[in-house]
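See below for the structure under consideration.
The values are calculated or read from the model by the stated rules, or taken from the named source; none is laboratory data. Please read all numbers here as calculations on a predicted model, not as lab measurements. Don't worry about glycine lacking a Cβ; one is built from the backbone with ideal geometry, like all the others, and counts go over all protein chains shown. For the accessible areas, the whole protein counts, side chains as well, though only heavy atoms, and no ligand, DNA or RNA atoms are used. Shrake-Rupley method; radii C 1.70, N 1.55, O 1.52, S 1.80 Å.
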Amino acid sequence: MKQKVIIITFILLSSVTFHLETLSAHHQVLAELKDLEKAFQANNHTIQQWQLQLREQVEVEKLTSTIKSIKQLFPVREMEVEYTNQAKKLKWNPQHSSSQSESIIIVVGKNSSKADVIYTLTGDTSLDKWVEESNVHALLKDIFTDKVTKFTCASTVLDDKMNSVYFLNRLQGFLNVQQVHKLRESDFTVLSGYTKKWDTSIPMENEQMNIQLAARQVDKEKTMITIGTPILTTEY
């Protein structure tokens, strides 16, 4: 089952074609996460964990300049280098606490003319506070361009008093999600859909999608609910 999910996610990631025209404004960075926060709150729950991820490809010949800019933004952490059979990875992983962190990684594939720059910000406290304390705005100004792509994710855990199917249906209704595809297993459900709330979308089965909602049973009494835009990029 996990392998199936990984394959689906990889295919969807490779098909992402949308671009964010402007991400410099604070509300634009958090637009989707704010909507997800409202959706949880409208159903008497709060986000327990969230993630904001920015991705962009750069020409390998421009990496020296990119690395220099990243080092200026993360002066207290040294760059770590990891080699695999397929690529070289450059990592900066400053940890602010056990539950809040921001990291940036550059993946350079063998014999590739481009490298992937991936920035990830996670937290479990106030969205506005943590984003303001992070380097996301500086990165958007100095590292990323208008070709950057954005992914967001939010999750919470339900106890046995809340039916996960009912909760997913409530979230789907609040966000006005039109179902495109649904995968259901005995302890696992993923719904892919489209909402007019956001302009960005990716193709799936001859339709457009920009949101995925997942419910996974974590033990006999608890279920984790995870929402990702435009797709889920975390394990769920």
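Some values worked out for this structure:
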{"item": "Residue-by-residue Karplus 3J(HN,Hα) for the range 112-121, coefficients 6.51, -1.76, 1.60, Hz, glycine and proline x", "result": "9, 8, 10, 10, 9, 9, 10, 10, 10, 10"}
{"item": "Whole-angstrom gap from the range 116-156 to the range 64-85, using each part's C-alpha centre", "result": "17 Å"}
{"item": "Filtered GluC sites (Glu not before Pro), the range 60-162: DSSP coil and at most 16 other beta carbons within 10 Å", "result": "E78"}
{"item": "Cα-based reach from K114 at 21 Å (exclusive), listing lysines while leaving out same-chain residues under 8 positions away", "result": "K62, K68, K71, K88, K89, K91, K141, K147, K150"}
{"item": "Surface share of carbon and sulfur [accessible, 1.4 angstrom probe, percent] for the range 43-103", "result": "43 percent"}
{"item": "Karplus-derived HN-Hα couplings along the range 35-49 (A = 6.51, B = -1.76, C = 1.60, θ = phi - 60°), whole Hz, x at Gly and Pro", "result": "5, 5, 4, 5, 5, 5, 5, 5, 10, 6, 9, 10, 5, 9, 8"}
{"item": "Exposure of D199 as accessible area (Å², to 10), given a probe of 1.4 Å and all protein chains", "result": "150 Å²"}
{"item": "Cα gyration tensor shape for the range 142-236, rounded if a/c is under 1.5, else prolate or oblate", "result": "prolate"}
{"item": "Value of relative contact order over the range 125-197, rounded to a whole percent, pairs C-alpha under 8 Å and six or more apart", "result": "18 percent"}
{"item": "Sequence-distant residues sharing a close amide H with K114 (under 5 Å, placed H)", "result": "V60"}
{"item": "Karplus 3J(HN,Hα) series, Hz, for the range 179-193 with 6.51 cos²θ - 1.76 cosθ + 1.60 (x for Gly, Pro)", "result": "5, 10, 7, 9, 10, 10, 10, 4, 10, 7, 9, 10, 10, 9, x"}
